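The values are calculated or read from the model by the stated rules, or taken from the named source; none is laboratory data. The structure presented is a predicted model; accordingly, all values stated were derived computationally and were not measured. Cβ placement follows ideal geometry from the backbone for every residue including glycine, while neighbour counts extend to all protein chains displayed. Accessible surface is based on the protein model in full, side chains and every heavy atom, while ligands, DNA and RNA are left aside. Shrake-Rupley method; radii C 1.70, N 1.55, O 1.52, S 1.80 Å.
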Amino acid sequence: MATGPRYKVAFRRRREGRTNYYTRKKLLSSHEVRAVVRRSNKNITVQFVDFTMGGDVVLAAADTKQLKKFGWENSCSSIPAAYLVGYAAGLRAKKADIEYAVLDIGMQNPQHGGVLFAVAKGMIDAGLEIPVSEDVLPDEDRLNGRHIDDKIEADVNSVKQKLEAE
């Protein structure tokens, strides 16, 4: 059974399926700032995190809920919203003197042209250097929301201008 000297219980976050410690160790050993992207059913969060011996330190962050104050009235979990939150996080990271970051998507399933890579495209367009392949990034029509509705493209452009003015 599950007793004795040869039985070892995995870490709690590994048992819950929340952390892959092998990937985390590789990311932390690079000594680079991580662009941590997390997605829920209604929200996308981006944080620029640096590892210290006292724990992770968040240097800059953005959330799709914050897009509402810039006039975003569409879905906060769509590809255009992901692009905008990546753009906002990239601008805030530039203000915090971050030039380079490594994308950390955690245990999420990466899909070519999906929401996670739309966030990366937003950070790249904001002026950060994020090492991702060009073929995984979504095309411009999807980033601007033309696949959803023609009106969303104008919303994306207006929110983007407001973010730059911030």
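Between N41 and D139, the simple spin-label model (points 7 angstrom out along Cα→Cβ) gives 3.2 nm. Excluding residues on the same chain fewer than 8 positions from K151, give the lysines whose Cα lies under 19 Å from its Cα. Straight-line reach from K151, under 19 Å: K68, K69, K160, K162.
Rolled with a 1.4 Å probe across the full set of protein chains, the surface gives D149 an accessible area near 70 Å². Less than 11 Å Cβ to Cβ from L67, Lys/Arg counted +1 and Asp/Glu -1: what total charge do the surrounding residues give? Here the charged neighbours net out to +2.
Accessible area per residue was computed with a 1.4 Å probe on protein heavy atoms; S77 scores about 30 Å². Per residue, the chain exposes 59 Å² of solvent-accessible protein surface, assessed with a 1.4 angstrom probe and all protein chains in place. Amide H contacts under 5 Å for L103: A35, restricted to partners 5 or more places along the chain or on a different chain, H placed in the peptide plane at 1.01 Å from N. Share of carbon and sulfur in the accessible area of the chain stands at 49%, probe radius 1.4 Å.
Between N109 and K69, how high is the FRET efficiency from 1/(1 + (r/R0)^6) when r is the Cβ-Cβ distance and R₀ = 25 Å? Nearest 0.05.
With R0 = 25 Å, the Cβ-Cβ based efficiency is 0.25.
The distance between label points at V57 and K8 comes to 3.2 nm (points 7 Å beyond Cα on the Cα→Cβ vector).
Above 12 Å lies some portion of the pair distances; for region 24-64, what is it as a whole percent of all C-alpha pairs?
Details: 496 of 820 pairs.
The share of Cα pairs beyond 12 Å in region 24-64 comes to 60 percent.
In the chain, the calculated helix contribution to ellipticity at 222 nm averages -10500 deg cm²/dmol per residue, counting -39,500 (n - 2.57) for every DSSP H run with n ≥ 4. Among F11, F70, the sequence by solvent-accessible area, most first, with a 1.4 Å probe is F11, F70. Peptides 80-92, 118-130 ranked from most to least packed, by the mean per-residue count of other Cβ atoms within 10 Å: 80-92, 118-130.
With all pairs of separate Cα atoms included, region 29-112 yields a Kirkwood hydrodynamic radius of 13.4 Å.
Taking a span of 18 Å or more along the helix axis (Cα atoms) and a mean Kyte-Doolittle hydropathy of at least 0.0 as the rule, the DSSP H helices of the chain that qualify are 79-95. Across all directions, the average projected area of the convex hull around the alpha carbons of the chain is 12.0 nm². Relative to the Cα centre, the charge distribution of the chain, modelled as +1 at Lys and Arg Cβ and -1 at Asp and Glu Cβ, gives a dipole magnitude of about 1300 debye. For region 119-165, the calculated P(r) over all alpha carbon pairs, in 5 Å bins from 0 to the bin holding the longest distance, is 5, 19, 24, 25, 17, 9, 1 percent.
On the basis of the beta-carbon distance and an R0 of 41 Å, A165 and R15 show a calculated FRET efficiency of 0.35. Residues whose amide H lies under 5 Å from that of I98, counting only those 5 or more places away or on a different chain, are absent; hydrogens are built 1.01 Å from N in the peptide plane.
Scanning residues 5 or more positions from L59 or on other chains, those with amide H under 5 Å from its amide H are F48, V49, D50, with H placed 1.01 Å from N in the peptide plane. Using a probe of 1.4 Å, the accessible surface attributed to D104 totals some 10 Å² when neighbouring protein chains are kept in position.
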